[in-house]
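Beneath this line is the structure, given in structure tokens, with notes to follow.
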Amino acid sequence: MKSLGRTLVTVGAAAVLCVGFPLNAQAAEGLLFYTSEYGPIVLENPTDGLCYSVGNAQDPQNSTDRVATVYSEKRCGGDATRIKPGAEGFLDFASVKFTR
């Protein structure tokens, strides 16, 4: 029985090492300001690579340290426009994604 217990511990430890530990998701530091049908909205410290659907939005102001790519359609589809850190765009958009 002792060898079975050791085997299970070894297999469990190997599985943890193979899978690894989750790393903290990288996030843009700062804020994205935009206007929606509900008024002004602020997206704070958005996660890199995650697509944010924002509904019917317009006039994004990128005050993050990442490039904000705004898309004309939900789920980061359609026409894409890149907005550099510190810049703003005067356009309508439906989703946004942040990258380095």
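The values are calculated or read from the model by the stated rules, or taken from the named source; none is laboratory data. Small disclaimer: the values here were computed from a predicted structure and weren't measured. FYI the Cβ positions are ideal-geometry reconstructions off the backbone, even for glycines, and counts take in every protein chain you see. Note: accessible area is taken over every heavy atom of the protein model, side chains too, but ligands, DNA and RNA are not part of it. Shrake-Rupley method; radii C 1.70, N 1.55, O 1.52, S 1.80 Å.
The condition of being at pLDDT 95 or above, in a strand (DSSP E or B), under 23 Å from Gly77 (Cα atoms) and open to solvent by less than 100 Å² (accessible area, probe 1.4 Å) does not hold for Leu50.
Just a yes or no: is a residue in the range 28-39 open to solvent by less than 70 Å² (accessible area, probe 1.4 Å) and without any contact (Cβ under 8 Å) to a residue 12 or more places away in the chain? Yes, the range 28-39 contains a residue that is open to solvent by less than 70 Å² (accessible area, probe 1.4 Å) and without any contact (Cβ under 8 Å) to a residue 12 or more places away in the chain.
Quick test of your reading of the structure: Gln61 fulfils all but one of (1) part of a strand (DSSP E or B); (2) over 11 Å from Tyr34 (Cα atoms); (3) over 15 Å from the mean Cα position of the chain (by Cα). Name the failing condition by number. Among (1) part of a strand (DSSP E or B); (2) over 11 Å from Tyr34 (Cα atoms); (3) over 15 Å from the mean Cα position of the chain (by Cα), Gln61 violates only (2).
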